[in-house]
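Only one structure is covered here, and it is reproduced in the block below.
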Amino acid sequence: MDDLGALSAACGVDLVKLKQKYSAMAADRPQVVQDTVFAPATKSSMLTSQDIANRLDNYKVCKACSGQGIVKTLYNHRVMESNCEECNGEGVITENEINSDNNSNNNFDELDTDIIYDVIIVGAGLSGLACADYITQNTDRTCLILESRDRPGGRIFTEKVYSSIDGTFIGNVDIGGQWIGAKHNQMLQYVKRFQLSLDEQLYPSVPPSSDDIQQLSPLDQYLSLVGYRLKELDEAGKQQIIDFFTKVDQISASIDVKNIKDVVNSAYYDSISINDFIREHVHDREARIQLNIFFETIIACNTHNCSCLFMLFYVQSSGGVSSLGDGDEGAQKYKVRDGIQNVYNSLVKDLSLGGRCIISYNTCCDSIIVENKLVTVHNYDGTRYKGRTIVLAMGLDTVLQRISFNIPLPREKLLVSKGMVGGMAIKVIIIYDYPFWLSNTTHSPLTVVDAAEVVDDGTSAPVDQSIDVENVSVEVTTGTSKIIESTHDATPPVQAVTIGEIGPIKNLFDGGKLGEYYYLVGLITGGTCQQFIKDYQTMEARQAEILNQINIMYNHNSDPVGYVEKNWCEESYSSGCFASSFTPNSFHRAAPFLSSNVHDRIFFAGSESSKDFYGYMEGAALAGICAAKESVKHL
Ligand SMILES: Cc1cc2nc3c(=O)[nH]c(=O)nc-3n(C[C@H](O)[C@H](O)[C@H](O)COP(=O)(O)OP(=O)(O)OC[C@H]3O[C@@H](n4cnc5c(N)ncnc54)[C@H](O)[C@@H]3O)c2cc1C
């Protein structure tokens, strides 16, 4: 009898049949989602006997296929599915087969319901990991992290892409949070500490001819799309965009979330949407379209449904308008080589050292009971753990959707969650055998000339430099001296149409190389994302629409060799992606309480509770560290 058969016999359920049924369903699913959402078990499943639970403990969901038994491979423009080699198509692997950094809890047989942990952290996203990291590195306190998914990272996740031809691994792609800005000092600290390498995000742009250089939109410097520029504006339109950004920078500089009521006109700014504010100040229609695209891309929200005051806070929190966009000063300056997984896996690895932190995956917190100076966390699987303090490391809207409390939460906290609205984002990775988007573009230090093939002339050693960020020196690769040669005619349409008017993608990046291939990274965000999902309900339909847009943008026709899509809107454990924002008329009351604690026992982390770099990985890490300090102080 095989393992699954033995397990079936033990628990009296035909798991083989069940697996066949759901494998078939999974195969029919339009999307192969590595980041499987685990539906919380019902309360009745708490009655599962300890015997069966112990046996089940010996089995872990296969990380390579998220328990589906199948993996995604690429063939021409199709995503093909094949048996997962890690688990031999089983979907589960036994304890002794596990060889993963992510399973620190496997090293801790003492995960114990009788222990009173100093700090229980709910959520192993970046914020929860940063919180636990601070505690274990700086104090002698113990902590337990409860994570509902089967993996760490939350809204950051690196997915492996395999060749459809021979099943070999071709590279890692980040399908959630990815870029680190030049001002994201905490993230850069992690990069330095874990000795990771950064690649600089390149922004190859259309070379301006001598007479049209003046025609570029000022937004081009913020939305530096690869080899494609926004529709030309007339002088008045350009000036209005410049004036608008100056105004945004001026007003946002005065914002202090703790004293938001003191900000001049804060109630008014909160009563109008971003779209209203743009209409108020920008009369040129084309400039308005471009500004709406800009904010929809940055905050991943519908600009009609997002408070202008919140937008002003977001700008201030990130360090000004220029820190939000693309380019040198922007938030998309660097990416971690080989994926952001290197940050979260390194954090997890360090947490497993020293024996003071346990991570329990597939453990979804259901309710929190505060009594006798202790906090008891009840989970959907029937387990319960006791701690002295608790840190909720996720968006407050996610907390209140999922977790109940035996004590009334202060009105302020309810106000915060009431105004929150989830951002919406789909990230797509489109893989080609040739980087046609680099043709006819300037792309220093990548030289582009017209000829037939991609040639690696052997001189492609990275050009390294060091950057200093508050005494953090990090190795950065700025590019290679490789020469791309092509005969492909990728002449962009003469009259460029603003991206977003010709397809769902609003922001597009050169992904660089993936194995022997090249890829583009596209983001579909906010109201566009909402409508796109409604209009195109299968991945095939969405893919066709996206490829159509790329073809129009670059006057290009060949099929991609692969397509990876991550629709974050269907992630029930991440209510806002990139993050949650605030509807009009909610933020000026909620702002002072983003991170406030409750009864000196319950602390809030998560990117949405940070007043600095709100919504970014940097904000998540800072909020985690801040909650760690606070919770330990109250022990
Ligand atoms: C497509 C996309 C692109 C992005 N790009 C960037 C970028 O380039 N740069 C950048 O800086 N930021 C980016 N972001 C934002 C960034 O990823 C997030 O701000 C950050 O990862 C949030 O981390 P967090 O720990 O606060 O929350 P999360 O990552 O959401 O972590 C919360 C954790 O709590 C768990 N959880 C939820 N409910 C429960 C429960 N009841 N019990 C137990 N566990 C629970 C979740 O599973 C999750 O693991 C992007 C986000 C997305 C989605």
Qualifying position, being modelled with pLDDT under 95, farther than 27 Å from Ile170 by Cβ, among the hydroxyl-bearing types (Ser, Thr, Tyr) and not in a helix (DSSP H, G or I), among Ser581, Ser575: Ser575
Within region 242-281, residues being out of contact with any Leu (no Cβ under 6 Å at 6 or more places or on another chain) and either within 24 Å of Lys506 (Cα to Cα) or charged (D, E, K, R) (or both) number 21
Among the residues of region 336-357, how many are assigned to a strand (DSSP E or B) and away from the ligand (no atom under 14 Å from the Cβ)? 1
So which pairs qualify, if the first residue must be in region 315-335 and within 15 Å of the ligand (Cβ to nearest atom), the second must be assigned to a loop (DSSP other than H, G, I, E, B) and acidic (Asp, Glu), the Cβ gap must be under 8 Å, and the two must be at least 6 apart or on different chains? Ser317/Asp612; Ser323/Glu329; Gln332/Asp326
Residue pairs meeting the criteria (Cβ under 7 Å; at least 6 apart or on separate chains; first within 22 Å of Gly327 (Cβ to Cβ), in region 156-185; second hydroxyl-bearing (Ser, Thr, Tyr) and in a loop (DSSP other than H, G, I, E, B)): His184/Tyr616
In region 257-271, is there at least one residue being assigned to a loop (DSSP other than H, G, I, E, B), touching a His at 6+ places or on another chain (Cβ under 9 Å) and not polar (S, T, N, Q)? yes
Restricting region 135-161 to residues that are among the β-branched types (Val, Ile, Thr) and part of a loop (DSSP other than H, G, I, E, B), which is nearest to the ligand (Cβ to nearest atom)? Ile156
For region 361-382, give me each residue that is more than 9 Å from the ligand (Cβ to nearest atom) and in contact with a strand residue (DSSP E or B) (Cβ under 8 Å, 6 or more places away or on another chain). Asn362, Ser367, Ile368, Ile369, Val370, Lys373, Leu374, Val375, Thr376, His378
So if I check each of Ile550, Ile546, which one is in a helix (DSSP H, G or I), within 16 Å of the ligand (Cβ to nearest atom) and within 25 Å of Leu202 (Cα to Cα)? Ile546
Looking only at region 399-427, how many residues end up being among the β-branched types (Val, Ile, Thr), out of contact with any helix residue (DSSP H, G or I) (no Cβ under 6 Å at 6 or more places or on another chain) and within 14 Å of the ligand (Cβ to nearest atom)? 2
The strands (runs of 3 or more DSSP E) lying entirely within region 373-433 that contain at least 1 residues which are over 30 Å from Ser164 (Cβ atoms) and either without any contact (Cβ under 8 Å) to a residue 60 or more places away in the chain or of a type in the set (A, V, I, L, M, F, W, C) (or both) are 374-379, 384-393, 420-422
Looking across region 561-572 at residues that are under 30 Å from Tyr432 (Cα atoms) and assigned to a loop (DSSP other than H, G, I, E, B), the single one that is nearest to the ligand (Cβ to nearest atom) is Glu571
Which residues, counting only those in region 162-181, are outside any strand (DSSP E or B) and away from the ligand (no atom under 12 Å from the Cβ)? Ser164, Ile165, Asp166, Gly167, Thr168
Scanning for something of a type in the set (Asp, Glu) and either in the same structural domain as Asp174 (by TED's automatic domain parsing) or modelled with pLDDT under 95 (or both), does region 370-387 turn up at least one residue? yes
Whichever residue in region 582-627 is within 17 Å of Thr398 (Cα to Cα) and away from the ligand (no atom under 16 Å from the Cβ) and, among such residues, is nearest to the chain's Cα centre (by Cα): Thr583
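The values are calculated or read from the model by the stated rules, or taken from the named source; none is laboratory data. Not measured: the values here are computed from a predicted model. Virtual Cβ from ideal backbone geometry, glycine too; neighbours counted across all protein chains shown.
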